[in-house]
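Since the structure comes first, as structure tokens, the remarks are kept for the end.
The values are calculated or read from the model by the stated rules, or taken from the named source; none is laboratory data. Just so it is clear, the structure is predicted and the values come from calculations on it, not from any experiment. With ideal geometry, Cβ positions are generated from the backbone for all residues, glycine too; neighbour counts draw on all protein chains shown.
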There are 2 protein chains.
Amino acid sequence: MSAMRQQGVKYNFMATALAIEQLAKVSKLNLEIQEIELKNAIGMICAEDIYSPTDLPPFDRSAVDGYAVCSETITSASPNNPIPLKLLSYSPTLSSCSYAVPVATGQRIPEGADAVVMLEDVDREGNIIYVLKPVPKYGNVSRKGEDIRKGELLIARGTIIKPPHIAVLSAIGMTRVKVYRKINIGLISTGSEVVDPSYGLKAYEQGLVLDSTSILLLSVLSMHRFVNVNWYGFVKDVKQEIKAVVEKALNENDVLVLTGGTGPGETDKTFEAIVEMNRDVKIIARGLAVRPGRPTSILVANGKPVFLLSGFPVAAYIALHEIVLKALCMLLKIRGELFIEIPVKLSKRIYGAVGYDTYVRAKLFKCNNELCVEPILLHGSGVLKSLLEANALITIPRNVEGYEKGEVIWIKLL
Amino acid sequence: MSAMRQQGVKYNFMATALAIEQLAKVSKLNLEIQEIELKNAIGMICAEDIYSPTDLPPFDRSAVDGYAVCSETITSASPNNPIPLKLLSYSPTLSSCSYAVPVATGQRIPEGADAVVMLEDVDREGNIIYVLKPVPKYGNVSRKGEDIRKGELLIARGTIIKPPHIAVLSAIGMTRVKVYRKINIGLISTGSEVVDPSYGLKAYEQGLVLDSTSILLLSVLSMHRFVNVNWYGFVKDVKQEIKAVVEKALNENDVLVLTGGTGPGETDKTFEAIVEMNRDVKIIARGLAVRPGRPTSILVANGKPVFLLSGFPVAAYIALHEIVLKALCMLLKIRGELFIEIPVKLSKRIYGAVGYDTYVRAKLFKCNNELCVEPILLHGSGVLKSLLEANALITIPRNVEGYEKGEVIWIKLL
């Protein structure tokens, strides 16, 4: 942990992992559980362990369209030695091995039968079928419990529900599922210079900046269906205004994310404004040991996590992934990862900043039969184009100097 | 291409790529263009090439909070040799190199200045700042056009809009964007044995099957925001009923996806029912050279693609990814891939079916510092659990026998 005094601001550039751990100790997210229709549950967080109430298949059933038979009766069947069987209509029991009954795919195998001959391996003449090919015992049969066993855990609490979960739960007759209600995230943009894009390009001439940061965060968060974002618009660098909107947003949300106003500049008032509020405010981190995004700060106000991110789109985008979403996954006890990490070969040497987790936007490309990654080495954390090109994020941990060209490193897919 | 006659059904197991190509020749998707709010555009298909109307930054601007100076005036600055500059209030011009003006991050650099000293590299006493550290020419300055150049292509027609696109378009003052309207996909489940999961587990005892296939397809499609799914429920294996619902769905959608009823069984009536309709129907493929999912068929009815998928959840799930979504990407001229492909090491030898593109569900896991993939080798294409475990799909192309253990293969992330 390094410390730096800048214009009266004392930063403690805390390690992210430590900050998230401390955040988890003093804040909590108690999201109520609600039962919703299964078809609306995609992307939501499952709030219960669900065990199968049944074997699936619940009985031996046919895997094809054909005829249920006794396998031992047809062991010698061939086109030169067709075995005749009397065809009955379907019934739950095959009373004799000289009979066969038609079964459709998925249909229960009658008791007494133990295999299914496929339609195309049979010649049919009226009520007689001639079997042209043997089928082993349980051939073309899906055995009871072969897919899912009664009592088996199908989905654990904390799992983000995906289409296959929906399919499995449907197959066991569930039409509703318990999930945590969406987490409400209040998003506030601070900065007197930031204006809505509808203001137009003249903004830049006037020393103003068209917002791209908050709409970027809004867009990323909106892709996670367990999140509901409430957007509070643009707030000037005036403490009283910041306090008022934070007060309102704290009442209406589980978590706050603010952009801008965390730097050492004279106009950066977000952190102080919140600390001064007539609220139970705990400081978790004033500055994090990350680059970009060192001024990123974390507070807890009335038990609710408050993330103060950079006003720069790239720094805020990275902090949203590496800090906010990581912390939410921990606080919500989400199982598994929101993003996929894969090993790839590095096309260029890169360095980290000593003492800081360094995040480098990067671009994947095919190289021979491998996947390689090229770091996008641009200075400013305001460089938007780098995000258009980037489909991966490289992390150089604090205790690592950097990576060599040709080294295989694990990167996160964005 | 192999052919097989089964119960009067003549399958032509056509190669998927060929089928999609032929489909593209005789069908078309003319989706109207609509202009929507940028913040609602995530996941939609951009319908225009968008070029930047401006440089970004539109002028040299400060990358930090600090003081704009002439870099040549402070080349010898150090704590032992602080260079004093007179501090003026901000103005668009720095009239002399013995002056400095405060600039906030993002603010325009006054004409005459060419660098910015950071706040912490300065001691300030009233109207005088003492610069303690030199800054090179353009140090802490974001140059005009460094991010985006005027006239540069920012997003091409056919791109699926992602958060970074939204951010960039906002930064150039766009608040609305032209996209193709959502494609309407009509989803129809056929099969007299398939019932709604609300029917409960007693269904299985009665020879019925609780639906998992259509809700699975519905869930997957609902994750693609350029798609709108209209769900027509469960239709019995009765030609007249199939025709009626297909007629209605054809009128209301751009594309149809039907599940079930494509096999060679007596109850499989979907294909015939549609061919017999009083519509302009072209047969693209009756059966595809894929496993699982050989009976998968493709028709064009009144110019609209109609995909007939297996009733089995796994076969239908794979066909949705490998056939339907692939075809839609081609027909809609979508740029890039909907799914990510990566190279991984195979943990077990696997074989394909000669003459067929074979799809194998698989599970990624970490092995040493690599990512390995284990094929889930289960027989039935109805085995749902395999989907819960699978996070990848291996394709063994028709002309490849299989892959060896330890071989690096490209797989698709699901």
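Summary of computed values
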{"item": "Residues that are over 47 Å from the mean Cα position of the chain (by Cα) and part of a strand (DSSP E or B), drawn from segment A:90-103", "result": "A:T93, A:Y99, A:A100, A:V101"}
{"item": "Residue in segment A:206-215 that is under 21 Å from the mean Cα position of the chain (by Cα), assigned by TED's automatic domain parsing to the domain that holds A:K326 and not small (G, A, S) present", "result": "yes"}
{"item": "Test: residue in segment A:79-87 that is in a loop (DSSP other than H, G, I, E, B) and surrounded by 22 or more Cβ atoms within 10 Å (Cβ to Cβ)", "result": "no"}
{"item": "Number of positions in segment A:180-218 that are β-branched (V, I, T), surrounded by fewer than 21 Cβ atoms within 10 Å (Cβ to Cβ) and free of Cβ contacts under 8 Å to residues at least 60 places away in the same chain", "result": "1"}
{"item": "Scope segment A:194-211; condition among the charged types (D, E, K, R) and either more than 15 Å from A:L384 (Cβ to Cβ) or assigned to a helix (DSSP H, G or I) (or both); matching residues", "result": "A:D196, A:K202, A:E205"}
{"item": "Of the criteria (1) out of contact with any Ser or Thr (no Cβ under 9 Å at 6 or more places or on another chain); (2) closer than 22 Å to A:I109 by Cβ; (3) within 14 Å of chain B (Cβ to nearest Cβ); (4) among the hydroxyl-bearing types (S, T, Y), which one A:S71 fails", "result": "(3)"}
{"item": "Candidates A:L388, A:L346, filtered to the one that is in contact with an Asp or Glu (Cβ under 6 Å, 6 or more places away or on another chain) and more than 25 Å from B:A104 (Cα to Cα)", "result": "A:L346"}
{"item": "B:N278, sole failed condition from (1) crowded, with 24+ Cβ neighbours inside 10 Å; (2) away from chain A (no Cβ under 14 Å)", "result": "(1)"}
{"item": "Count of segment B:124-162 residues which are within 18 Å of B:A104 (Cα to Cα) and within 8 Å of chain A (Cβ to nearest Cβ)", "result": "1"}
{"item": "Search result, residues across segment A:163-178 that are closer than 30 Å to A:A104 by Cα and either of a type in the set (S, T, Y) or within 20 Å of the chain's Cα centre (by Cα) (or both)", "result": "A:P163, A:P164, A:H165, A:I166, A:A167, A:V168, A:L169, A:S170, A:T175"}
{"item": "Candidates B:S142, B:S170 - the one that is among the small types (G, A, S) and either at pLDDT 95 or above or surrounded by fewer than 21 Cβ atoms within 10 Å (Cβ to Cβ) (or both)", "result": "B:S170"}
{"item": "Positions within segment A:336-357 being more than 23 Å from B:K366 (Cβ to Cβ) and either within 25 Å of the chain's Cα centre (by Cα) or assigned to a strand (DSSP E or B) (or both), in sequence order", "result": "A:Y351"}
{"item": "Test: residue in segment B:356-363 that is farther than 23 Å from A:E146 by Cβ and in contact (Cβ under 8 Å) with a residue 12 or more places away in the chain", "result": "yes"}
{"item": "Breaking point among (1) of a type outside the set (V, I, T); (2) in contact with a strand residue (DSSP E or B) (Cβ under 7 Å, 6 or more places away or on another chain); (3) within 24 Å of B:A15 (Cα to Cα); (4) not assigned by TED's automatic domain parsing to the domain that holds B:V220, for B:N399", "result": "(2)"}
{"item": "Members of segment A:285-298 that are in a strand (DSSP E or B) and either surrounded by fewer than 24 Cβ atoms within 10 Å (Cβ to Cβ) or within 25 Å of the chain's Cα centre (by Cα) (or both)", "result": "A:R286, A:L288, A:V290, A:R291, A:S297, A:I298"}
{"item": "Subset of segment B:42-95 [under 23 Å from A:K202 (Cβ atoms), of a type in the set (A, V, I, L, M, F, W, C) and modelled with pLDDT of 95 or more]", "result": "B:I50, B:A68"}
{"item": "Selection count, segment A:212-243, where residues are more than 24 Å from A:S192 (Cβ to Cβ) and either away from chain B (no Cβ under 13 Å) or part of a strand (DSSP E or B) (or both)", "result": "3"}
{"item": "Pairs where the first residue, in segment B:268-290, is within 17 Å of B:T190 (Cα to Cα) and among the hydroxyl-bearing types (S, T, Y) and the second is modelled with pLDDT of 95 or more and not in a loop (DSSP other than H, G, I, E, B), C-beta under 8 Å, 6+ apart", "result": "B:T270/B:T190; B:T270/B:I242; B:T270/B:L258; B:T270/B:L308"}
{"item": "Any hit, segment A:223-231, residues being touching a residue at least 12 places away in the same chain (Cβ under 8 Å), surrounded by fewer than 18 Cβ atoms within 10 Å (Cβ to Cβ) and at positive phi", "result": "no"}
{"item": "Matching option when the condition is within 14 Å of chain A (Cβ to nearest Cβ) and either over 47 Å from the mean Cα position of the chain (by Cα) or free of Cβ contacts under 8 Å to residues at least 24 places away in the same chain (or both), among B:L38, B:L56, B:L119, B:L87", "result": "B:L87"}
{"item": "Per-region count, segment A:26-43, residues farther than 12 Å from B:S219 by Cβ and part of a loop (DSSP other than H, G, I, E, B)", "result": "6"}
{"item": "Qualifying residues in segment B:16-35 (those that are touching a residue at least 40 places away in the same chain (Cβ under 8 Å) and small (G, A, S)) - the one nearest to the other protein chains (Cβ to nearest Cβ)", "result": "B:A19"}
{"item": "Sole residue being at negative phi, among the hydrophobic types (A, V, I, L, M, F, W, C) and modelled with pLDDT under 95, chosen from B:A244, B:A273, B:A203", "result": "B:A203"}
{"item": "Condition met for B:K248 (more than 7 Å from chain A (Cβ to nearest Cβ) and either crowded, with 17+ Cβ neighbours inside 10 Å or free of Cβ contacts under 8 Å to residues at least 24 places away in the same chain (or both))", "result": "yes"}
{"item": "Members of segment A:362-414 that are under 24 Å from B:N140 (Cβ atoms), more than 14 Å from chain B (Cβ to nearest Cβ) and surrounded by 19 or more Cβ atoms within 10 Å (Cβ to Cβ)", "result": "A:P375, A:I396"}
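Quick grid of which residues meet (1) more than 14 Å from chain A (Cβ to nearest Cβ); (2) in contact (Cβ under 8 Å) with a residue 24 or more places away in the chain; (3) out of contact with any helix residue (DSSP H, G or I) (no Cβ under 9 Å at 6 or more places or on another chain):
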position: B:P295; (1), (2), (3): no, yes, no
position: B:V306; (1), (2), (3): yes, yes, no
position: B:E322; (1), (2), (3): yes, yes, no
position: B:L338; (1), (2), (3): no, yes, no
position: B:L346; (1), (2), (3): no, yes, yes
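To keep it simple, each residue is scored yes or no on (1) within 30 Å of B:K28 (Cα to Cα); (2) outside the structural domain of B:I20 (by TED's automatic domain parsing); (3) modelled with pLDDT of 95 or more.
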residue: B:A301; (1), (2), (3): yes, no, yes
residue: B:L308; (1), (2), (3): yes, no, yes
residue: B:A327; (1), (2), (3): yes, no, yes
residue: B:G336; (1), (2), (3): yes, yes, no
residue: B:K345; (1), (2), (3): no, yes, yes
residue: B:R361; (1), (2), (3): no, yes, no
residue: B:L377; (1), (2), (3): no, yes, no
residue: B:E389; (1), (2), (3): no, yes, no
